[in-house]
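In what follows, a structure is listed as structure tokens, so that the remarks can point back to it.
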Amino acid sequence: MAGFRLIRRRKVWVPTLYGWLALTALTVALVLTAGRLIHPFLSPNAPVAGARLLVVEGWLSTKALDQAIDAYRQGKYQQIVTTGGPAVTRPDLAIEASYAELAARYLQSQGLEEVKITAVPAPASAQDRTFLSAVMVRRWIAAQGLKYDALNLFSEGTHARRSHRLYRAALGPEVEIGILAAHPSGYDPARWWQTSTGAKAVIGETIGWLWTVCCFRPPQVGSHEELWAVPSSGKKRPKQNSSPQQTP
């Protein structure tokens with residue numbers, strides 16, 4: 001069979017030496033540009049003017065919480081809500097201690113004693129913890145009969161964009177959500193690649209944000225999947241107050 005062949009000759013265009021140099025230079029330029037732009041992309045600062053509620057993620061470092069205090073004083077907020085699931089158990093902490101409660105206590109101890117601060121803890125979660133915290137904020141707002149058409153979320157550096165996206169997914173289009181990102185204290189954002197701390201923060205959060213964009217789809221509101229969580233113990237969690245509870 002003259003027409004039956006297993007192989008055939010084809011022409012292939014390949015770069016010349018100068019072509020390879022040009023491609024290499026372009027790749028390096030793109031990598032350097034992306035390296036300089038990725039940190040401000042992951043840590044945006046776009047607050048909603050006039051928002052009356054400031055939501056602070058409770059797992060933040062004390063240095064970041066200090067920046068949250070500055071953000072509160074610079075705004076015209078009526079209330080602060082702290083979020084977060086169960087904290088790492090320590091002998092000096094209550095069994096039911098959560099990052100939300102610990103953050104509320106810290107904020108009040110730093111000169112905000114007269115400010116209305118409410119801890120809205122989330123249970124231990126088998127899914128995205130930030131999303132579940134956002135769901136708990138939405139349920140708390142509804143349970144209190146409050147009306148918030150806007151709020152500002154305070155998060156940590158490169159985690160801010162992912163948190164912002166998940167809060168928008170949980171609270172829906174009815175609530176405009178602004179974002180405030182704490183300035184990192186362990187590295188220079190303009191040269192994040194020069195330290196392991198900066199590299200871990202940027203690379204890890206880039207992967208986390210990409211996963212959120214491509215793979216995470218918010219479950220139906222009120223469904224079992226939306227509240228898919230495992231209680232930290234058999235005891236009931238204490239009711240929420242406007243001030244954090246005291247550690248026994």
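Mean separation of Cα pairs under 8 Å and 6 or more residues apart, divided by the residue count, gives the chain a relative contact order of 24 percent.
Please report, in debye to the nearest 20, how large the charge dipole of the range 75-218 is about its Cα centre when each Lys and Arg carries +1 at its beta carbon and each Asp and Glu carries -1 there.
Here the range 75-218 has a charge dipole of around 360 debye.
Lys-Lys pairs in the chain that are eight or more residues apart or on separate chains and whose Cα atoms lie under 29 Å of each other come to 13. Close amide H contacts of residue 84 (hydrogens built in the peptide plane, cut-off under 5 Å, sequence separation of 5 or more or a different chain): 58, 100, 122. Projected label points at residue 220 and residue 14, each 7 Å from Cα along the beta carbon direction, are separated by 5.8 nanometres. Highest mean packing comes first when the peptides 181-190, 52-61, 109-118 are listed by Cβ atoms within 10 Å, giving 52-61, 181-190, 109-118. As a rough guide to protection, the peptides 149-156, 168-175 ranked by mean Cβ packing within 10 Å, highest first, stand as 149-156, 168-175.
Computed per residue of the chain from DSSP H runs no shorter than four, each worth -39500 (n - 2.57), the mean residue ellipticity at 222 nm is -13000 deg cm²/dmol. Over the range 100-236, the pair-distance histogram of Cα-Cα distances with 5 Å bins from zero comes to 2, 9, 15, 19, 20, 17, 12, 6, 1, 0 percent, rounded to whole numbers. Modelled label positions at residue 45 and residue 142, each set 7 Å beyond Cα in the direction of Cβ, lie 3.5 nm from each other.
Here the chain exposes an accessible surface that is 58 percent carbon and sulfur, computed with a 1.4 Å probe and the other protein chains kept in place.
Assuming a ≥ b ≥ c are the square roots of the Cα gyration tensor eigenvalues, decide whether the range 15-139 counts as rounded (a/c under 1.5), prolate (otherwise, with a/b larger than b/c) or oblate.
Here the range 15-139 falls in the prolate category.
Using the Cβ-Cβ distance between residue 194 and residue 66 with R0 = 22 Å, the FRET efficiency computed as 1/(1 + (r/R0)^6) comes to roughly 0.35.
Note that the range 1-66 carries a Kirkwood radius of 18.6 Å, evaluated over its alpha carbons pair by pair.
The values are calculated or read from the model by the stated rules, or taken from the named source; none is laboratory data. From a predicted model like this one, the values you see are computed outputs, not experimental measurements. Note that we place each Cβ from the backbone using ideal geometry, even for glycine, and neighbour counts take in every protein chain shown. Note: accessible area is taken over every heavy atom of the protein model, side chains too, but ligands, DNA and RNA are not part of it. Shrake-Rupley method; radii C 1.70, N 1.55, O 1.52, S 1.80 Å.
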